[in-house]
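Student: Let me begin by handing over the structure; questions about it come next.
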Amino acid sequence: MSKPWTPNEEFFRRLGRLPLVIAMTRAAAARSMAAAIASAPVDTGEYKSTIRLERVDTNRIVMFRVVADSEHALVVESRTGNLARSVRAGGAR
């Protein structure tokens with residue numbers, strides 16, 4: 001009977017921290033952010049002006065999140081799904 005496959009954690013940790021991988025991840029997040037800004041509903045403009053990238057470092061990889069931190073961002077997101085939809089626009093290239 002063969003031994004079950006186990007991932008090489010060190011390999012994936014190093015891969016997730018390569019400058020090229022970080023740059024590609026940031027570029028995809030930036031495309032998502034641009035889509036979120038372009039499709040953001042505007043009343044006062046506060047929500048749209050707070051959309052930004054947030055870098056998140058873990059022990060394994062570096063990630064980027066598109067966030068909006070206006071006081072009413074949660075209400076806007078729950079009604080429109082703007083940030084959730086923008087993720088598809090970021091897709092890998």
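The values are calculated or read from the model by the stated rules, or taken from the named source; none is laboratory data. Since the model is a prediction, treat every value here as computed from it, not as a measurement. Positions of Cβ are generated from backbone atoms using ideal geometry, with glycine treated the same way; all protein chains shown enter the neighbour counts. Accessible surface areas use protein heavy atoms only, side chains included; no ligands, DNA or RNA. Shrake-Rupley method; radii C 1.70, N 1.55, O 1.52, S 1.80 Å.
Student: Could you list, in sequence order, all residues of segment 53-82 that are in contact with a helix residue (DSSP H, G or I) (Cβ under 7 Å, 6 or more places away or on another chain) and open to solvent by less than 30 Å² (accessible area, probe 1.4 Å)?
Tutor: Hits for segment 53-82 are V62, A68, S70, A73, V76, N82.
Student: Please go through segment 1-20 and pick out each residue that is outside any helix (DSSP H, G or I) and more than 19 Å from the chain's Cα centre (by Cα). Please lay out each step first, then the result.
Tutor: Taking segment 1-20 as the starting set, the residues that turn out to be outside any helix (DSSP H, G or I) are 1-8, 16-18.
Within segment 1-20, M1, S2, K3, P4, W5, T6, P7, N8 qualify.
Student: Quick one: is A23 open to solvent by 30 Å² or more (accessible area, probe 1.4 Å), in a helix (DSSP H, G or I) and closer than 24 Å to A73 by Cα? Break it down into steps so the answer makes sense when it comes.
Tutor: Working: open to solvent by 30 Å² or more (accessible area, probe 1.4 Å): yes; in a helix (DSSP H, G or I): yes; closer than 24 Å to A73 by Cα: no.
Against the criterion (open to solvent by 30 Å² or more (accessible area, probe 1.4 Å), in a helix (DSSP H, G or I) and closer than 24 Å to A73 by Cα), A23 does not qualify.
Student: Next question. Quick check on segment 28-47: of everything there that is without any contact (Cβ under 8 Å) to a residue 12 or more places away in the chain and open to solvent by 30 Å² or more (accessible area, probe 1.4 Å), which residue is nearest to V87 (Cα to Cα)?
Tutor: At the first step, the residues of segment 28-47 found to be without any contact (Cβ under 8 Å) to a residue 12 or more places away in the chain are 38, 42-45.
Subset that is open to solvent by 30 Å² or more (accessible area, probe 1.4 Å): 38, 42-44.
On the way: A38: 13, V42: 20, D43: 23, T44: 24 Å.
Across segment 28-47, the extreme among qualifying residues is A38.
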